[in-house]
Amino acid sequence: NVLGREFVRCSLNKKLGLFSASESIGSSKSTNMSSPGEYYNSLPPITKAYGTLCLLATTLAQLGLLAPIHIALIPEFVFKHFQVWRLITNLFFLGGFSINFGIRLLMIARYGVLLEKGPFERRTADFLWMMIFGSLTLLVLSFIPFFWTPFLGVSLVFMLLYLWSREFPNANISLYGLVNLKAFYLPWAMLALDVIFGSKIMPDLLGIIAGHLYYFLTVLHPLATGKNYLKTPKWVNKLVARFRIGAPVAAVRQAGGVGAVGSGTGGGAYSSARAPPESSTNTAFRGRSYRLTD
């Protein structure tokens with residue numbers, strides 16, 4: 001049993017491409033925790049809340065207290081029976097307890113945390129808006145019959161992975177200790193592995209599409225035109241301030257968190273031709289950007 005658990009742990013770590021301590025990218029603080037409780041408390045608020053809800057949904061389904069069919073995204077039930085909660089609840093179900101569920105949960109704990117503590121550090125409202133925009137994009141796509149999938153949780157997790165891979169494209173990843181590749185190709189490698197393991201391809205593709213749309217609107221398009229059309233709405237900032245989630249907006253402004261570009265070790269050619277920050281502080285994404293030719 002001990003050997004079996006160790007094999008599963010190593011397999012999960014290798015499939016996720018987890019870094020060693022000397023290769024950690026984008027984490028601003030040490031994650032050496034003496035207990036699971038301390039590690040959980042150290043997680044940033046949005047990632048912690050989303051991961052907790054995903055774990056709760058799967059646990060309730062596994063115990064028979066919640067039928068997945070009651071939270072699935074079924075357009076007929078949404079429009080004809082006004083079961084509007086399905087527009088939200090489907091985003092928190094990652095499937096039943098399995099290796100794939102564990103992998104998705106670890107992806108949240110890894111790449112969601114690296115984003116929220118890295119490019120989005122002290123910018124909780126921007127990170128929350130990124131999650132909201134991604135969710136809305138996935139919902140719109142899922143209403144197209146070709147793209148329809150009953151649960152979009154896996155897609156939202158894959159969007160986090162894609163955005164992390166664009167933020168740190170030159171980070172070195174090892175898959176199963178056999179294949180070394182740059183982080184830029186990690187989403188496609190994970191997509192290929194899901195196909196090999198018999199998982200559905202559509203949720204992963206939806207996550208890549210949503211992630212690229214967000215990255216295009218907040219990084220590539222502003223880099224080319226100097227205009228950002230996807231600013232974080234004021235109501236999101238007010239929501240974060242009202243419930244005191246993460247760093248207060250005032251503190252972020254004083255620290256220069258909004259619009260500031262971290263030095264990091266993301267690699268790649270840092271773009272000196274980056275679009276200048278606009279007068280508004282409600283900017284959607286201010287991580288490192290890269291030229292299309294790099």
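The values are calculated or read from the model by the stated rules, or taken from the named source; none is laboratory data. These figures come from a predicted structure and were not determined experimentally. Note that each Cβ is placed from the backbone with ideal geometry, even for glycine, and that neighbours are counted across all protein chains shown. Areas reflect the complete protein model, heavy atoms only, side chains present, ligands, DNA and RNA absent. Shrake-Rupley method; radii C 1.70, N 1.55, O 1.52, S 1.80 Å.
How large is Rg/Rh for the stretch 159-219, to two decimals, with Cα atoms and a Kirkwood Rh?
Across the stretch 159-219, the Cα-based Rg/Rh ratio is 0.99.
Mind putting a number on the dipole of the stretch 39-243 about its Cα centre? Charges go on the C-beta only, +1 for Lys and Arg and -1 for Asp and Glu, and I need it in Debye to the nearest 20.
Computed about the Cα centre, the dipole is about 540 debye.
Which length gain, in nm to one decimal place, applies between V195 and Y229 when the Cα-Cα distance is subtracted from 0.36 nm times their residue separation? Present the calculation step by step, with values, prior to reporting the outcome.
Numbers: separation 34, 0.36 × 34 = 12.24 nm, distance 3.53 nm.
Contour length minus Cα-Cα distance gives 8.7 nm.
So how much accessible area does I132 have, in Å² to the nearest 10, using a 1.4 Å probe?
Its accessible surface works out to 40 Å², give or take rounding.
Spin-label point model (7 Å from Cα, Cβ direction): what's the L239 to Y176 distance in nm?
Once both label points are built, they end up 4.1 nm from each other.
Can you list the equivalent-ellipsoid semi-axes of the stretch 39-243, largest first and in whole Å, using the square root of 5 times each Cα gyration tensor eigenvalue?
25, 22, 18
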